[in-house]
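Here's the structure, in structure tokens; my notes come after.
The values are calculated or read from the model by the stated rules, or taken from the named source; none is laboratory data. Since the model is a prediction, treat every value here as computed from it, not as a measurement. Note: ideal-geometry Cβ built from the backbone for every residue, glycine included; neighbour counts use all protein chains shown.
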Amino acid sequence: MENLIALLVAAPLLGAAVLLCGGRRLDKTGHWLGTLLAAVSFGIGAVLFADMLGKGAEDRALHQKLFSWIPVEGFQADVAFQLDQLSMTFVLLISGVGTLIHLYSVGYMEHDERRRRFFGYLNLFLAAMLLLVLADNYLLLYVGWEGVGLASYLLIGFWQHKPSAATAAKKAFLVNRVGDMGLSIAIMLMFTTFGTFAFGPVLSSVGETSEGTLTAIGLMLLLAACGKSAQVPLQSWLGDAMEGPTPVSALIHAATMVTAGVYLIVRSGAIFNASPDAQLVVAIVGAVTLLFGAIVGCAKDDIKKALAGSTMSQIGYMVLAAGLGPIGYAFAIMHLVTHGFFKAGLFLGAGSVMHAMNDEVDMRKYGGLRRYMPVTFATFGLGYLAIIGFPGLSGFWSKDKIIEAAFAKGGTEGWILGGVALLGAAITAFYMTRVMLMTFFGEKRWQPAPDADTAPSAEPAAEHRAGELPHPHESPKTMTIPMIVLAFGSVFAGGLFSLNESFVKWLEPVTSFEHGHPPIGAAAVTGATVVALIAGVGIAYAMYGRRPVPVVAPRGSVLTRAARRDLLQDDFNHVVLVRGGEHLTRSLVYVDHSLVDGVVNGTAASVGGLSGRLRKLQNGYARSYAVSMFGGTAVLIAATLLMRGV
Amino acid sequence: MSPTAVHGLWTTAADPLDRIPAPHIEYAQLAPTLIVVGAAVIGVLVEAFVPRRARYLTQVFLAFAALASAFAAVVALAGAGYASGKAQIAAMGAIAVDGPALFLQGTVLLASVVAVFTFAERRLDPAAHGNRVDSFAAQAASVPGSESEQAAVKAGFTTTEVFPLALFAIGGMLIFPAANDLLTLFVALEVLSLPLYLLCALARRQRLMSQEAAVKYFLLGAFSSAFLLFGIALLYGYAGSVSYAAIADVVDGTVARMDPALAATMGNDALLLIGGALVLMGLLFKVGAVPFHMWTPDVYQGAPTPVTGFMAAATKVAAFGALLRLLYVVLPGMRWDWRPVMWGVAILTMLAGAVIAVTQTDVKRLLAYSSIAHAGFILAGVIATSKDGVSSVLFYLGAYSFVTIGAFAVVTLVRDAGGEATHLSKWAGLGRRSPLTAAVFAVFLLAFAGIPLTSGFAGKFAVFKAAAEGGAGALVVVGVISSAIAAFFYIRVIVLMFFSEPKPDGPTVAVPSFLTTTTIAVGVAVTVALGLFPQYFLDLAGSASTFVR
């Protein structure tokens, strides 16, 4: 069985190679090949899953060593895989959602000339992401980590002819470098501390290591997670990443890649467990991001950016849960999976809406679409109910558990974290209701399509007809089927996982689990969550359901304006990092010119000057030479005698 | 009466001479020297008796055969164990046959073979009146610019005397590093120097400059010989013997018997220190160490380029050999006296050579200053006073001599109407016009600069390593700084050749015969081979690094 693991990665990798190297011959069929190979990967995953279910909980983990990568004395790196319950969960999520989104993209990218390349990149992403979660050591994980970063960069900038897309890709790349640096430092620290990279030896020898070292490793891992998962302070790239095609936003920037940070933290749980300081920082980062993303999500009029803020916020929940230790790990992953379903569904729904509305992304120009796009409305609506935590749907089960666990952390920080999570739930309900109402309810606020040349977005999925009002229509089957499947997941996954605590028990051998005991009782927490939900929905309804939505956004309060600017994240980065960096480089250049070059040029000039003066001694007269020799001999003798004297 | 005792008789003048026994000579162990000197004598006879037309071929063949068979003899001696276990002192204490001597003799002979090839090159200078000519004056005795010179050129005369002269010089060089008493040392010095003075005066072009160089070399050489000789006298006064072993015994205080006739001076340390310093000075003059280096640029520039290459390589090998033996066999007991002084000399030599080279505009003068700097690097290895120090110096000398001969051979190729175009400005853009020649020269320059994968790096590394382990860390620091300065002017030439526009009236690169081609090819091959696989040769040098006493 373990020999199948490599095939999980190999299938999409083969697809990427064939599609990217195959040339124009594959333009007609390439997208189906890519989809097929994604499905193959999912099929293998399903077989392995079935096999795993047939075994006892403790011997479910499989290992496969493919080859020895860097065999050097004292430095052993293998290409080896580890498939345990945690990896299995990710494999099914990645390949399952991945396959659906491949299918969706067949319709969505139908009119794009570079569709083959797009599918090549998608397959590349799948391969890298599967490598990331299947690696049995941190070094190989790092390969996958960089691989998904590359695929993300390529796909955000897929429409590279748009300057905004090219810039967004570059921004994502640069911000992620900061996080990647953290991961590489963490790996180096691990090597110097433990002498190995493999998960097993590293995580089992945590007990013999000083807490200071573990805190350093933990914080570096957290930095890596912040970069990849768009957590404060490395969150600024995710909103701009929405410049990529919508299936990319759904797959990479909602369901899978951005959750890699959560995987990393949960996988390294032993390190964080042994370093309460690092763990607390993780929880704080999660809590801050949770509110940050939610507030940004409230102010955005661009449907994808509102959803991006929501993604940030939901990953904040997962990171918060991961920062709670064994009482939270399982729920972090559970929320990750349910979020994978409903957020991918929401993004696909958003793509479907944009598809229908001439690529318009401004929700103020939507309205009343429920009648024209019933399937999209239904699936989007189920995703909406799931994400706000409507009782019984997926999001309810997972988010409620996280809030409970946050309270159960205990002490003042338990109250603060729990309160933040609860507040986040209310804001989530508010902004998602706002999205729902602005898009599908109210009167039509449709605007004529702008001229093709000046179109802000160049999504070529729909034909632009300049000057005409959009004719909303339901999307083709290849797009609706994935949405329907994901809607099923949004509705049932959470309940299924919570049935008899099956998900927690499934993960327990890997992540370990403790029951958290919130100080106010589980029922009270659930009640509070429902109240928060009702409050959020109610306020949103009062603001957007009862009153007409203006087409031009009102000026809004200071907070609203700040939130529209992503809470001034870019201004902050500009002032502190860009300006600061410019000052630093300018002063370094100054030092380089005046000091370093000065010393170098000065040395060169003085050597040259000395040389010019010394060569004058070489005047060509044998008599001078003889004098020099005589003097030299005298000095030689004198020095010899002096040495004896000393 | 044992041979050593007999030797003691004629070196210890105070003993009564009742009879003079026939000296016992180990001909087989002296074969390399005897072959070369014998061939030189035959060469003189060839000049006298063989018709002018046939002399060139005869002399070239004779010289090559002599050098090749002498080298074979060296290899045979080394193979017979004289380099290690059977090392001994031959010719009644006059000549040592041991590892360093054989290694250096082999190096001198190999370098000489390729150097003699450049002597014999006759394709570079345009034919004068239908006669192929070499780099040497048509008739050495004719006054430059005189009618007799023109007549000699017209008649197609060539100075085939250079071959026996070179062989005599080589003979001296073979004895020099093997000399085991001070008199033999002095005789060897003169035997190698006198022919070189003559050779320096024999340039076909720029004869006045060549003669000036020869006169300077001769005057300063005689000057330094006088110092050396005086030093020998003082050392004799100190030890009552000129034999290395006997002097060393007195220095160590293990001498068995004080000579009554010399009782007043024997063991007087002032004599030892002054005499030692003077002998050292004579040898430092030969290796071109600062402040006894001033002849080097003028002579290197004025001498015919093949002679410069020969001199720069072979003389340096021989002189360093003699210096090593003096310091390691005679004066190890007083190393605390000479080491600090040599430190100073080495530092001055490295720095002055590198610094002054920076502003040179003539290729030959540039290489002359470079050779001064290299003498400093080698001195750093000498100062290490360890077995590693000896082996690193041996390796360095072998590596350096082939780079040097090759580099000067390339210089002979770059010519314009006035002969060799040695001014650096004329080398601009050479890499565009003659990429192969320029690339080969670049390889030599990189080796001089000590860039990895060339023999220069391996040599420098070995020398500096030995010096550092011998407690001369500061010397290594100065050495590395000097290497950095030196790298500047080597690389500058490369930049000039490859990244400058060629001048319209620039020089052309002559197509040499197989002789010079072989020389350059061997130079490149040795440079790269010693750079890529230095270990075998380092081991060889290491196994030959024990002096017999």
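What to note about this one:
- Some residue of region A:530-539 being in contact with a Gly (Cβ under 7 Å, 6 or more places away or on another chain), within 18 Å of A:PHE407 (Cβ to Cβ) and not polar (S, T, N, Q): yes
- Residue selected from region B:208-244 under the condition surrounded by fewer than 21 Cβ atoms within 10 Å (Cβ to Cβ) and away from chain A (no Cβ under 14 Å), by the criterion farthest from the chain's Cα centre (by Cα): B:GLY237
- Identity of the residue in region B:273-300, over 15 Å from B:LEU367 (Cα atoms) and touching a Lys or Arg at 6+ places or on another chain (Cβ under 9 Å), that ends up farthest from the other protein chains (Cβ to nearest Cβ): B:LYS286
- Exactly one residue out of B:SER112, B:SER84, B:SER69 is crowded, with 18+ Cβ neighbours inside 10 Å and either among the polar types (S, T, N, Q) or without any contact (Cβ under 8 Å) to a residue 24 or more places away in the chain (or both): that is B:SER112.
- Residues in region B:408-430 include at least one that is surrounded by fewer than 21 Cβ atoms within 10 Å (Cβ to Cβ), among the basic types (Lys, Arg) and in a helix (DSSP H, G or I).
- Unique match (being more than 20 Å from B:HIS374 (Cβ to Cβ) and either in contact with a strand residue (DSSP E or B) (Cβ under 6 Å, 6 or more places away or on another chain) or among the basic types (Lys, Arg) (or both)) among B:VAL511, B:VAL495, B:VAL548: B:VAL548
- Residues (in contact with a Ser or Thr (Cβ under 9 Å, 6 or more places away or on another chain) and of a type in the set (Ser, Thr, Tyr)) located in region A:264-310: A:SER275, A:THR289, A:SER310
- Considering A:GLY74, A:GLY43, A:GLY30, the condition of being touching a residue at least 40 places away in the same chain (Cβ under 8 Å), surrounded by fewer than 22 Cβ atoms within 10 Å (Cβ to Cβ) and either under 28 Å from A:SER352 (Cβ atoms) or touching a Gly at 6+ places or on another chain (Cβ under 9 Å) (or both) is satisfied by A:GLY74 alone.
- Residues satisfying the stated conditions in region A:126-171, i.e. part of a strand (DSSP E or B) and among the hydrophobic types (A, V, I, L, M, F, W, C): A:ALA135
- Pairing each residue of region A:90-117 that is closer than 20 Å to A:LEU336 by Cα with any residue that is in a loop (DSSP other than H, G, I, E, B), provided the two are 6+ apart or on different chains, yields C-beta distances under 7 Å for A:LEU93/A:THR256; A:ILE94/A:THR256; A:VAL97/A:THR256.
- Residue list for region B:302-359, filter: of a type in the set (A, V, I, L, M) and touching a His at 6+ places or on another chain (Cβ under 8 Å): B:ALA352
Rundown of residues vs (1) among the aliphatic types (A, V, I, L, M); (2) at pLDDT 90 or above, yes/no style:
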residue: B:GLY406; (1), (2): no, yes
residue: B:GLY419; (1), (2): no, no
residue: B:PRO452; (1), (2): no, yes
residue: B:PHE457; (1), (2): no, yes
residue: B:ALA472; (1), (2): yes, no
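- Restricting region B:123-164 to residues that are among the polar types (S, T, N, Q) and within 23 Å of B:LEU62 (Cβ to Cβ) leaves a set whose member that is surrounded by the fewest Cβ atoms within 10 Å (Cβ to Cβ) is B:ASN131.
- Candidates A:LEU221, A:LEU203, A:LEU174, A:LEU189, filtered to the one that is of a type in the set (A, V, I, L, M), crowded, with 21+ Cβ neighbours inside 10 Å and either free of Cβ contacts under 8 Å to residues at least 40 places away in the same chain or in a helix (DSSP H, G or I) (or both): A:LEU221
- The listed residues are A:SER475, A:SER490, and the only one of them that is farther than 24 Å from A:ALA330 by Cα and modelled with pLDDT of 85 or more turns out to be A:SER475.
- The residue that is farthest from the other protein chains (Cβ to nearest Cβ), among those in region B:349-388 that are aliphatic (A, V, I, L, M) and outside any helix (DSSP H, G or I), is B:ALA384.
- Some residue of region B:505-528 being in contact (Cβ under 8 Å) with a residue 24 or more places away in the chain, surrounded by 15 or more Cβ atoms within 10 Å (Cβ to Cβ) and farther than 25 Å from B:GLU420 by Cα: yes
- Residue within region A:579-595 that is closer than 27 Å to B:ALA357 by Cα and either modelled with pLDDT of 85 or more or at the interface with another protein chain (Cβ under 10 Å from one of its Cβ atoms) (or both) present: yes
- Within the span defined as region B:455-471, one or more residues are in a loop (DSSP other than H, G, I, E, B) and farther than 30 Å from B:LEU110 by Cβ.
- Exactly one residue among A:LEU86, A:LEU140 is farther than 21 Å from A:GLY22 by Cα, touching a strand residue (DSSP E or B) at 6+ places or on another chain (Cβ under 7 Å), modelled with pLDDT under 95 and buried (at least 21 other Cβ atoms within 10 Å of the Cβ), and that residue is A:LEU140.
- Positions within region B:495-549 being under 30 Å from B:VAL330 (Cβ atoms) and outside any helix (DSSP H, G or I), in sequence order: B:ALA544, B:SER545, B:THR546, B:PHE547, B:VAL548, B:ARG549
- For beta carbons closer than 9 Å, sequence separation of 6+ or different chains, a first residue in region B:324-347 that is under 17 Å from B:LEU235 (Cβ atoms) and within 8 Å of another protein chain (Cβ to nearest Cβ) and a second that is surrounded by fewer than 22 Cβ atoms within 10 Å (Cβ to Cβ) and small (Gly, Ala, Ser), the qualifying pairs are B:VAL341/A:ALA639.
- Cβ-Cβ under 7 Å pairs, at least 6 apart or on other chains, region A:602-620 side under 14 Å from B:THR361 (Cβ atoms), far side assigned to a helix (DSSP H, G or I): A:SER611/B:VAL355; A:SER611/B:ILE356; A:ARG615/B:ILE356; A:GLN618/B:PRO297
- Any helices (runs of 4 or more DSSP H) falling wholly within region A:533-646 and containing at least 3 residues that are in contact with a Phe, Trp or Tyr (Cβ under 8 Å, 6 or more places away or on another chain) and surrounded by 13 or more Cβ atoms within 10 Å (Cβ to Cβ): A:622-645
- A:TYR621 being of a type in the set (Phe, Trp, Tyr) and more than 8 Å from chain B (Cβ to nearest Cβ): yes
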